[in-house]
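Everything below concerns the one structure shown next.
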C-alpha cells in the first residue's frame, strides 16, 4: 500500500498531486545540482585526488569510498545504490568461457557494475579489459576475487587507479570473479573483454602442447614415484628457451636429469629443464623470454628414449606443480556478435513464450526463470546472440536476443488520472511520483512487471503505473 501522504493512483488525486509534483521536481533538481557539482563537474576528480593521497594499502575502490565519506556522500541513496550494485554484480556473476566479450551501456544515472566468473587453472593468467570508447576520464574500478571451497570470496587483486585492464594469476585451480564498476554518475558504452592465457612461454623454440608425450603425475619406476613434469618431444638439437625472464641459478649434470638447467623466474617459480643435449647458459646469468638456454637431447635416465625436454615447475611451499597449464595456449575466437547493439541501455520484452532468463550467455546455462510474454527488461550488454538484462527488481541474467523485441511499441494505454511512479513499488514515497496522466494525454504501456506497467507518455514522461 502507498505510504502516508502519497496519493493512491486515481482521478481523485490529480489536483492534490500537482503541488506535490512541483515540490518533488524542485527537490530533485537541487539534489541533482549538488551531486553534479560534487561528482560530474570536477567533484570526482577531487575525490580521486583525495583518495590517491591516502597512504594505506587499501584498494583504489576502497579509497574512493573513503573519499565519498569525507565528502559527506556516504549513506546517500545514490551511494547506497552504487554499493548495492557492486554487491549484486558479485552475487550474480555469470560463468563464462574464454575468450569472452560483451558490448554494453552503463547508464550514468543508474549505478551498476559488470562482473564475470571464469574457471581457471594454476599457471593461467586472467585479463579483463574494460574499454570506454571516447572516454579517457572516467575511473573504472577493477577487482578480482577467488572463490574458495566454502564459496566465500577471497580478494586477489585490484587494478591501479585509472587502469582499464586487470591481470590476475591465481595460485590454485578454481573459479575467479572479475568486476568492473565506474565511479558515481559516470558510465556510457563499454567493451569488456576477458581472456585466459598461459603465464609462461612454450619452452621450445618450435613446438606446442601437441608435442607433449607424458603428463604430470604419470607413474614412474613401477609406481614407486610419479612424473613431476611434462615431456615435450622434439628433434635432437631443437633450441630450448627461457619460458620466462629470470636468473639461472643452477647448471649441472645429474644421473636422473642428465644435463639440466634451473631458472628462477619473475613469478617466484623454479623452472627445471632436463635431458638437455647441451647447455647454453651459466649460473647467475639473467635471461629474457625466448633466450636459448640449451638444446633438446636424451641425457640422464632418458638415454633409451627419443630426444625430449623434461620441463618442470616448482613453487615454494607447493613443491612440483603441473606445468601443463603454465604453457597451454587456449584456443578459440571471440564469439561473433549477433545481438542488435542499438538496444543497449533500452527496454525490451520477450517476443515469445519460450524466452528464458539464463545464468550465462549459453543455451546450456541454468534457467533463472521463465519470462512472461511482456516482461520489461533493461538491456545492459550484448554477448554473441544474448543480451545481459536487468529486471525491474534488480535480478539480472541472459536472454536470447532472437526471442525478444523492442519495447518501443505500446501494447495498451493508461487512462487519465493515473499516477506515474519512478519505480515499481507498491509502498512508495512522494519522491517516487513522476507525473499524473492528464486528460487527453496518450500514455502507452511498453511492458509489464508483476502488478506494474512500464509506461511512456506522448510528452516523453516514463515510469511505472500500478495496474487496475
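The values are calculated or read from the model by the stated rules, or taken from the named source; none is laboratory data. Bear in mind the structure is a predicted one, so any value in this text is a computation, not a measurement. We place every Cβ from the backbone using ideal geometry, glycine too, and count neighbours over all the protein chains shown.
Do we have any residue at all in the stretch 444-467 that's assigned to a strand (DSSP E or B), touching a helix residue (DSSP H, G or I) at 6+ places or on another chain (Cβ under 6 Å), touching a residue at least 12 places away in the same chain (Cβ under 8 Å) and over 15 Å from residue 347 (Cβ atoms)? No; the residues of the stretch 444-467 include none that is assigned to a strand (DSSP E or B), touching a helix residue (DSSP H, G or I) at 6+ places or on another chain (Cβ under 6 Å), touching a residue at least 12 places away in the same chain (Cβ under 8 Å) and over 15 Å from residue 347 (Cβ atoms). Among the residues examined, residue 423 does not qualify as outside the structural domain of residue 465 (by TED's automatic domain parsing) and either surrounded by fewer than 21 Cβ atoms within 10 Å (Cβ to Cβ) or part of a strand (DSSP E or B) (or both). Just one of the listed residues (316, 343, 286, 303) is assigned by TED's automatic domain parsing to the domain that holds residue 382 and either loosely packed, with under 14 Cβ neighbours inside 10 Å or within 30 Å of residue 107 (Cα to Cα) (or both), namely 343. Residue 170 fulfils the conditions (1) under 21 Å from residue 330 (Cα atoms); (2) outside any strand (DSSP E or B); (3) touching a helix residue (DSSP H, G or I) at 6+ places or on another chain (Cβ under 8 Å) except for a single criterion, (3). The residues of the stretch 181-191 that are under 13 Å from residue 131 (Cα atoms) and buried (at least 23 other Cβ atoms within 10 Å of the Cβ), listed by number, are 181, 182, 187, 190. Taken as a whole, the structure leaves residue 164 outside the set of residues that are surrounded by fewer than 16 Cβ atoms within 10 Å (Cβ to Cβ) and under 16 Å from the mean Cα position of the chain (by Cα). In the set (1) touching a helix residue (DSSP H, G or I) at 6+ places or on another chain (Cβ under 9 Å); (2) farther than 30 Å from residue 177 by Cα; (3) assigned to a strand (DSSP E or B), the condition left unmet by residue 379 is number (2). Please go through the stretch 50-67 and give me each residue that is farther than 11 Å from residue 158 by Cβ and at pLDDT below 90, ordered by number. If the condition is that a residue be farther than 11 Å from residue 158 by Cβ and at pLDDT below 90, then 50, 51, 52, 53, 54, 55, 56 are the ones that fit.
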